[in-house]
1. Pick from Thr71, Thr63: which is in contact with a Lys or Arg (Cβ under 9 Å, 6 or more places away or on another chain) and surrounded by fewer than 22 Cβ atoms within 10 Å (Cβ to Cβ)?
2. Yes or no: Ala51 free of Cβ contacts under 8 Å to residues at least 12 places away in the same chain, more than 12 Å from the chain's Cα centre (by Cα) and closer than 22 Å to Phe148 by Cα?
3. Within the stretch 5-33, take every residue that is acidic (Asp, Glu) and assigned to a loop (DSSP other than H, G, I, E, B) and give me the one that is surrounded by the most Cβ atoms within 10 Å (Cβ to Cβ).
4. Which pairs do you get when a residue that is β-branched (Val, Ile, Thr), found in the stretch 28-41, comes within reach of a residue that is in a strand (DSSP E or B) and modelled with pLDDT of 95 or more, reach meaning Cβ atoms under 7 angstrom, with the pair 6+ apart or on two chains?
5. Step by step: first the residues of the stretch 111-150, then only those that are touching a helix residue (DSSP H, G or I) at 6+ places or on another chain (Cβ under 7 Å) and polar (S, T, N, Q), then the one that is nearest to Ile64 (Cα to Cα). Which residue is that?
6. Could we say that Thr2 is of a type in the set (Val, Ile, Thr), part of a loop (DSSP other than H, G, I, E, B) and out of contact with any Lys or Arg (no Cβ under 9 Å at 6 or more places or on another chain) here?
7. May I ask you to verify whether Leu160 is over 15 Å from the mean Cα position of the chain (by Cα) and not basic (Lys, Arg)?
8. Go through the stretch 92-108 and give me each residue that's among the small types (Gly, Ala, Ser) and either farther than 14 Å from Pro55 by Cα or buried (at least 21 other Cβ atoms within 10 Å of the Cβ) (or both).
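The values are calculated or read from the model by the stated rules, or taken from the named source; none is laboratory data. Being a predicted model, the structure only gives us computed values, none of them experimental. Because the Cβ atoms are built from the backbone with ideal geometry, glycine has one as well, and the counts that use them run over all protein chains shown.
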Amino acid sequence: MTIKVGDRVPSATLKHMTADGMQTITTDQLFKGKKVVLFALPGAFTPTCSAKHLPGFVQNAETIKGKGVDTIACLSVNDAFVMNAWGKDQKVGDKVMMLADGNGDFSKAVGLTMDGTGYGMGTRAQRYAMVVQDGVVKALNVEAPGAFEVSSAESILKAL
């Protein structure tokens, strides 16, 4: 079942890289008492994700955070090392938290996976963006397969 507006984000554990190495973060730690924009995409270093999706959030980070957002997080079914390397490649800095959903546990829990086996990618996250306030989904924009329209930074700015 797919998560919807008004639902509480399920418990899951994600990974991310810090100056101290790979760290674990739970969804409770990520969302509790905070306003978070979480956007997900099929894969690091993939064409649309690298050319449009992540760069839009990097470029608009200050404006998004100016609307009361505590954290902007990018999630993909990749490992933390890949997400870290991609963040460096995209010059993300501290603008966007790069989250690894390595086994797809979070993506499965929210019901937003896609079958990328035809591309040799296995099960991945669908392309979407959500606004979460204190663990509750306030806005959810899920893309149609192959599309990039409603989950962009510009679309999320309108939702804020």
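1. Details: Thr63 fails: in contact with a Lys or Arg (Cβ under 9 Å, 6 or more places away or on another chain).
Exactly one of Thr71, Thr63 is in contact with a Lys or Arg (Cβ under 9 Å, 6 or more places away or on another chain) and surrounded by fewer than 22 Cβ atoms within 10 Å (Cβ to Cβ), namely Thr71.
2. Here the answer is yes, as Ala51 does meet what is asked.
3. Asp7
4. Matching pairs, first to second residue: Val36/Thr71; Val36/Ala73; Val36/Val132; Val37/Ile72; Val37/Ala129; Val37/Val131.
5. Asn141
6. On the way: of a type in the set (Val, Ile, Thr): yes; part of a loop (DSSP other than H, G, I, E, B): yes; out of contact with any Lys or Arg (no Cβ under 9 Å at 6 or more places or on another chain): yes.
For Thr2, the condition - of a type in the set (Val, Ile, Thr), part of a loop (DSSP other than H, G, I, E, B) and out of contact with any Lys or Arg (no Cβ under 9 Å at 6 or more places or on another chain) - is met.
7. yes
8. Hits for the stretch 92-108 are Ala100, Gly102, Gly104, Ser107.
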